[in-house]
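The values are calculated or read from the model by the stated rules, or taken from the named source; none is laboratory data. Just so it is clear, the model here is predicted, and its values are computed rather than measured. Here the Cβ positions follow ideal geometry from the backbone for every residue, glycine too, while neighbour counts run over all protein chains shown. Remember, those area values only see protein heavy atoms, side chains included, never the ligands or the DNA or RNA. Shrake-Rupley method; radii C 1.70, N 1.55, O 1.52, S 1.80 Å.
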Amino acid sequence: MSRLLAWKFRVFWRSVARRSGAAAAANLIVALLGILWTVAVFLGSRHLFARVALVMSRVPPEGGSTLAGMESLLLSGVYLLGLTICLFTAFGAAFVTMYSSSDLPLLFAAPLTVRQVFAVKFAEVLAAESLWVVLLILPATLGYGAGVGGAWWYYLMAFLLALIAVFLSGAVGTCLNLLAMRFIPPYRVKELGAALGSLLGAAFYVLSQLGPRYAAGMSPSELAKLMGRFPLANVGYSPAWWLAEAARTAAHGSVNDCLAWLGLVAACSLVFFMVSFVLVQEAFYGGWAGSGEVRRRERRRKAAARASRVPRSAARRGSPVLTLAAKEVRSIARDMREWAQALYLLVVMGMAWIVPAIRNGEIRFPAGGAGSYASLAAIYMMLAGLATYLALGAVGREGESWLLLRATPVSGQEILLGKVLGVTALLVIPGLVLALGLGLALGGGSRAALLAGAFALVVAPGITSLNVGAGALRPVFSARDPRKRISSGALLLSLALEAGYAAVLAAGVWMMAAGSAMGIWIRIVGLVTVLGSSACAAAAPVVLVGRYLDARESVVSNP
Amino acid sequence: MIRTEGLSKTFGTRVAVEDLNLEVEPGELFGFLGPNGAGKTTTIRLLTGLLRPTVGRVLIGGYDIHREPVRAKAFLGYVPDQPVLYEKLTGREFLSFMADLYRVDGTRRDQRIGELLELFDLSERGDDLIQSYSRGMKQKLAVAAALVHEPRVLILDEPTVGLDPRSARVLKDVLRALASGGVTVFMSTHVLEIAERMCTRVGIIDRGCLIACGTMEELRAQAQEDTATLEDIFLELTGGTEYEEVIRLLGEETAS
């Protein structure tokens, strides 16, 4: 087993070290940035806790217990953040190394016991998440010690604490895989991983955008109060709290208390580790299919039996266009990556609107006419952003299936129309939600909300069609990841078309709003401009690109 | 039912198919053979209208597939060489989807889907996502999808690859039954035993040219060997017999 571990390390080292040119330079830059980050965390932590110590030294003894709680809360918040990141990393690493790893058949065929293979894989999980301990937990703990003036042995305890934190996250993350195996079919593991990654990214993005805005200028006591709002940072059963208490008691010279708290975390880790070792490795050996697949199949059969009881018209015939639209809706709606990515996009766009509107800790959007224009612009940008993601790659998403589709008696226009209808149906839902929400939030009342909703309904087909058309001109069928089946040329074209459509719409909306001063006719011209341009934007790409598709060969890769 | 007239296809300077003249009648089971890179898949893509010929034309059921693609393709059922299907649909939904694209209606529609799932041993997994299927199951579903609209012409590119012995046998029986019912079956395969046993006529393509075409008797007569198998004829025509001496020497070396 030790040889296997040595080989694993050698393979990892070669993947990092034996790179040439730009890749080696990039590795070096990443390593330097990592060191700088670690130093910054250490200095930041030392500065924060030195300030806390200063505040504590100036208050009377009767206020000391409150301030001691504040110190633990801050430290607990840091550990909560670190452990959460480590846990997600360990969970993902266990996914990859224990269930999706291509070397499993090789290792199981070798003269090794399941336990040995499992131990090696567990070590890989620990190695993957230990990076975050080095980047966050360890420098923060060392910085705390330096800030409050811990004794020399405090630093030894800090390393022990970091080691236990790695072990705890690894064991819990591996255990969570057992649960995941029960509910997630093997063929959806990567999909779920990608979706979770996107959601986590969205959460961190919100944190990175809103955190500094709200936390800037906060005193240590205000920060501690903020930490107190997170239940896992201030309760006695939280490992983050135990680690914080271990660090605090060590820094204040109580070695016995420190060891007691660390022992509690270690015992907890050991329980999870034992559960992993006993339960997970069995499931790991039996394979994903062996653990939860039987139950899932039973559930699916029951669902199918329920579906078959629903009376259906025996003589129905679906239109190819509607069938294609339904297929598009199903394909997107059943893919968790699409949902997560769309949510990520919404979060990023939402932040782009919210962050500039934050003043003195409050969100203040423009009101009145400016607010109405802003809400229409927000709806358009949100729809355009989602369409860039969902509609631009609609043809490329077909991949190799494109050949099968083109061998059927369905024209290019029908295919594009089906895709436009399907994606529009999906775009309209968030569009309407945002429109109604913004209409009400900006104080325009139900009339403004209805107008915004109508605007979303009018522009969604046009935006979708422009994107589907642009994407169909040069799809990238060969990309393994469906989300990467968009060529840069198609992206630029779609952005240009969207900008042009937005300009025409803006002119139309301006004429409609200016109508009271300039007569009824200008208002009618504005309405015709909005409706006419939307109809053109929806129809023209389908007709023109549909003909182009019929006129050219259906290939998915260069022969 | 399938007719090609002077069909040629070039990619840049490379000639993939050259002057292919072929006619396959209703009820025929035509085997299309050739070494790797000979032009089989390109020919099939020309027949299904996926590629445009550089010269010549393809008629399916009397319609030029490039001038009247929708009418011509309505006759066709196509099984591609890679069973890449819509992963997020269930097997049953996929068959229903294909039935809609071919504008299938009538009371037999749902019954037909049920029968095909049953025939290819997929009914138990018919309501699972295709994503969860093995390669063989996907291949079976691709074949079932090509049959859902009861096509008059069936074009299959390597249909037995990935199938288990039972499904391969079912497929062979289905193809025979379809041919005897008047369906034109055009099948490319590397399994020469299947072609020899099943096909009424065989065409062999090499470097883009049709170098032999006919019944087994006609091919034997062309090769001037009365007892030759299709494998012998294939190797004789496309090369490969020169390797036999090398293989014999290797065997002798290993034995000594």
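Observations on the structure shown:
- Contact surface A-B: accessible area buried, both sides summed, square angstrom, 1.4 angstrom probe: 3900 Å²
- Size descriptor, Kirkwood hydrodynamic radius, that averages inverse alpha-carbon separations across the stretch B:85-150, Å: 11.4 Å
- Partner aspartates and glutamates whose Cα lies under 18 Å from the Cα of A:K8, excluding those fewer than 8 positions away in the same chain, are identified as A:D103, A:E124, A:E129.
- With the helix formula -39500 (n - 2.57) applied to DSSP H stretches of n ≥ 4, chain B reaches a computed 222 nm mean residue ellipticity of -12000 deg cm²/dmol.
- Above-threshold pairs, the threshold being 22 Å between Cα atoms, out of A:K190/B:K88; A:K484/B:K40; A:K419/B:K140: A:K484/B:K40; A:K419/B:K140
- Taking all protein chains together and a 1.4 Å probe, the residues B:M1, A:M511 rank B:M1, A:M511 from largest to smallest accessible area.
- Net dipole in debye of the stretch B:85-150 [+1 Lys, Arg Cβ; -1 Asp, Glu Cβ; about Cα centre; nearest 20]: 200 debye
- The simple spin-label model puts a point 7 Å past each Cα toward its Cβ; for A:K190 and A:F159 those points are separated by 4.1 nm.
- Computed across the stretch A:379-512, the Kirkwood radius stands at 15.6 Å (inverse of mean 1/r, all Cα pairs).
- Degrees between helix B:165-180 axis and first principal axis of chain B (Cα, 0 to 90, nearest 10): 80 degrees
- Projected label distance in nm at A:A377 and A:A40, using a 7 Å step from Cα toward the beta-carbon: 3.1 nm
- Percentage relative contact order, the stretch B:85-150, counting C-alpha pairs under 8 Å, at least six apart: 52 percent
- Bridgeable aspartates and glutamates around B:K172 (alpha carbons under 13 Å apart, same-chain partners fewer than 8 residues away excluded): B:E158, B:D164, B:E193, B:E196.
- Sorting A:C536, B:C209 on solvent-accessible area from highest to lowest, probe radius 1.4 Å, gives A:C536, B:C209.
- At an R0 of 60 angstrom, the distance between the Cβ atoms of A:F9 and B:E193 translates into a FRET efficiency of 0.75.
- With respect to chain B, whose longest principal axis is taken over its alpha-carbon atoms, helix B:108-119 is tilted by about 50°.
- Carbon plus sulfur fraction of accessible area for the stretch B:85-150, probe 1.4 Å, in percent: 45 percent
- Computed label-point distance, nm, for sites A:A22 and B:D226 using a 7 Å Cα→Cβ extension: 7.0 nm
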